[in-house]
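Student: Mind looking over this structure? Questions follow.
The values are calculated or read from the model by the stated rules, or taken from the named source; none is laboratory data. The shown structure was predicted, so the numbers you read here are calculated from the model rather than taken from an experiment. Note that each Cβ is placed from the backbone with ideal geometry, even for glycine, and that neighbours are counted across all protein chains shown. Just the protein is used for accessible areas: all its heavy atoms, side chains included, with ligands, DNA and RNA removed. Shrake-Rupley method; radii C 1.70, N 1.55, O 1.52, S 1.80 Å.
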Amino acid sequence: MSLLGKACLAMWWDMAADMRAEFEHWHSHEHFPERLGLPGFHRASRWTSADGGEGIFVMYELASHEILSSPPYLTSLNAPSPWSAKMMPHHRNMVRSQCRVLASRGAGVARQALTVRLSPASGRGAELLAALKPRMAQWMGLPGLAGVHLLRHEAPPIATTTEQKIRGADQTADWVLVACGYDATMLGELAQTLFSEDNLTKLGARPGQINALYALSHSATVPEIQ
């Protein structure tokens, strides 16, 4: 696995411009260290919408999917700090996927990221996975692309947490493709070609995917915050 672990927490939300500065301060200097201080959390990365909009994409790389239902993590989710409790209501349109890593090639962090939220067509999950895995290895030679990762949401058997109650109901993305690269123009072109709805539907995906481009804001691993 190129990602640091066998699971990921992938999240998208909107953050209003007038809250952006405080959000980034809190997220970088309190929330990242808090999460990376928990057992099994290996790396945190945050991207912002490449077009300058309100979109945020965050990914936590985890040792295993079981970390998402571990006592230390649940304790943290159910006892947010005062600053966290203040910021959580500003996470608008939250999509939160608790994922297993199905396949991972190349860099987990780069200057640009393309995320594709998709689902397999009915009965075609195995077909889609079998089609994507060898293609991911081939895509690694493309100019502008540094890494590509395939995730699948699987909700852990836990009760609604305090943080979720503060935010309101979270949506989920079923499967997630994350392509990391160093050339925003090339990633934009890939979104219209290899990662397009037309192409992925042919491989077994259901119509209705959501593509979005982001630029790296901050990334940290456990040794970097200790």
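Student: Return the distance in nm (one decimal) between the two label points of a simple spin-label model at Q171 and D14, each offset 7 Å from Cα along Cα→Cβ.
Tutor: Placing both labels 7 Å beyond Cα along the Cβ direction yields 1.0 nm.
Student: Just the number, please: carbon plus sulfur as a percent of the accessible area of the chain, 1.4 Å probe, no ligands or DNA/RNA counted.
Tutor: 53 percent
Student: Just going by the charge dipole of region 69-226, with Lys and Arg at +1 and Asp and Glu at -1 on Cβ, which of N211, L74, A137 is farthest out on the positive end?
Tutor: So the residue we want is L74.
Student: May I ask you to give the solvent-accessible area per residue for the chain, in square angstrom, as obtained with a 1.4 angstrom probe?
Tutor: Values: 9580 Å² over 226 residues.
For the chain, the per-residue accessible area is 42 Å².
Student: Also: Just to verify a number: FRET efficiency for H218 and S196, C-beta to C-beta distance, R0 = 41 Å, to 0.05? Let's see the in-between values first.
Tutor: On the way: r = 29 Å, r/R0 = 0.72.
The pair H218/S196 has a calculated efficiency of 0.90.
Student: While we're looking at this one, here's another question. Could you list the residues of region 100-122 with an amide nitrogen less than 20 Å from a label point located 7 Å from the Cα of S64 in the Cα-to-C-beta direction?
Tutor: From region 100-122, the list is 100-104.
Student: Now for a separate question. Between Y182 and E24, what length in nm is gained on full extension when 0.36 nm per residue of separation is reduced by their alpha carbon distance?
Tutor: Details: separation 158, 0.36 × 158 = 56.88 nm, distance 2.25 nm.
Stretched fully, the Y182-E24 segment lengthens by 54.6 nm.
Student: Near K86, which aspartates and glutamates are there with a Cα under 19 Å away, not counting those fewer than 8 places off in the same chain?
Tutor: Cα-Cα hits under 19 Å: D14, D18, E22, E24, E30, E34, E54, E163, D170.
Student: So which residue, out of P39, P82, P143, gets the largest mean-square fluctuation from a GNM of the chain using Cα contacts under 10 Å as springs?
Tutor: Comparing P39, P82, P143 in a Gaussian network model of the chain, the most mobile one is P82.
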